[in-house]
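Taking it in order: structure first as structure tokens, then the write-up.
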Amino acid sequence: MYDNYIFDLYGTLADIHTNEKKASLWKNMAQYMCLQGAFYEPSRLRKDYGSHIAKLRTTPETEVDLAVVIRRLYTNRSITPAPEAIAHWAMIFRTLSLGYVRLFDGAAELLQELHRRGKKVYLLSNAQRLFTEPEIRSLGIYKLFDDIFLSSDIGFCKPSANFYTALLEKHGLNPDSCVMIGNDWQADAWGAHNCGIASMYIRTEQSPKEEGPLPSDCKRLDSLWDVLAG
């Protein structure tokens, strides 16, 4: 077995469904901002939200911090939001767009078993701190990680080597002692491979279409518990 187990979150440990395209979401968010003096039509709010993200994402591996986007939405209406207001906006947005988020069967028990065997367990996820940390806590697995790395904090997302390296360097990890477990053939399997890290790939409903082969150091899993046989 490996010494360090690095997990993806959404689609790997947790099943999730969101819909940021529904008209009711943008209608409610526009109404919420109007009550604070930041007047938007729903269609304009949705357009500006997407435009800010597109401008900030300078490369495919650049991660945009949603807090910056929210701040710009307010400042473009001559309002300077407090950090608490930004966090509140994000939580309302997530709540309205979220269908469900729930752990896959056995996910928490797997993390606990790895700890019982003396392994280090890390999270490396393309996600926004503003709403992902509360979700991790609500799922009851926050304390099951030795450290949590979210792309919005680092400024890069998988498969960027910068994201993987941030974890390796902070904890002084040898890539040979690590394995990445995820459901994305490119971001997780190839991203890890390009940093000298082996991987385990599990295909779920959230997995992108596999448009190429898995790397030679990647093991395909039938279930999460197969991690223990690696």
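The values are calculated or read from the model by the stated rules, or taken from the named source; none is laboratory data. Small disclaimer: the values here were computed from a predicted structure and weren't measured. As a convention, Cβ positions derive from the backbone with ideal geometry for all residues, glycine included, and neighbour counts pool all protein chains shown.
Please work out if Ser51 is part of a helix (DSSP H, G or I), farther than 27 Å from Lys158 by Cβ and not hydrophobic (A, V, I, L, M, F, W, C).
Values: part of a helix (DSSP H, G or I): yes; farther than 27 Å from Lys158 by Cβ: no; not hydrophobic (A, V, I, L, M, F, W, C): yes.
Considered against the rule, which asks whether it is part of a helix (DSSP H, G or I), farther than 27 Å from Lys158 by Cβ and not hydrophobic (A, V, I, L, M, F, W, C), Ser51 comes out as no.
Looking at the stretch 21-52 only, could you name the residues that are under 27 Å from the mean Cα position of the chain (by Cα) and over 23 Å from Glu84 (Cβ atoms)?
The first filter runs over the stretch 21-52 and keeps only residues under 27 Å from the mean Cα position of the chain (by Cα), leaving 21-30, 32-33, 42-52.
Lys21, Lys22, Ala23, Ser24, Lys27, Pro42, Ser43, Arg44, Arg46, Lys47, Gly50, Ser51, listed by residue number.
Given the residues Arg137, Arg94, which is the only one that is among the basic types (Lys, Arg), in contact with a helix residue (DSSP H, G or I) (Cβ under 8 Å, 6 or more places away or on another chain) and in a helix (DSSP H, G or I)?
On the way: Arg137 fails: in contact with a helix residue (DSSP H, G or I) (Cβ under 8 Å, 6 or more places away or on another chain).
Only one candidate passes the filter, namely Arg94.
Can you name the number of the only condition in (1) surrounded by 14 or more Cβ atoms within 10 Å (Cβ to Cβ); (2) at pLDDT below 95 that Ile202 fails?
Going through (1) surrounded by 14 or more Cβ atoms within 10 Å (Cβ to Cβ); (2) at pLDDT below 95 one by one, Ile202 breaks only (2).
Which one of these does Ala67 not meet: (1) farther than 20 Å from Ser151 by Cα; (2) in a helix (DSSP H, G or I); (3) in contact (Cβ under 8 Å) with a residue 24 or more places away in the chain?
Going through (1) farther than 20 Å from Ser151 by Cα; (2) in a helix (DSSP H, G or I); (3) in contact (Cβ under 8 Å) with a residue 24 or more places away in the chain one by one, Ala67 breaks only (1).
All but one of (1) without any contact (Cβ under 8 Å) to a residue 40 or more places away in the chain; (2) outside the structural domain of Gly196 (by TED's automatic domain parsing) hold for Thr62, so report the exception by its number.
(1)
Output the number of the condition that Met1 fails; it satisfies all remaining conditions of (1) crowded, with 19+ Cβ neighbours inside 10 Å; (2) over 26 Å from Phe156 (Cβ atoms).
Answer for Met1: the failing condition is (1).
May I ask you to list the residues in the stretch 134-154 that are without any contact (Cβ under 8 Å) to a residue 24 or more places away in the chain and either surrounded by 14 or more Cβ atoms within 10 Å (Cβ to Cβ) or in the same structural domain as Ala67 (by TED's automatic domain parsing) (or both)?
Tyr142, the sole residue that qualifies.
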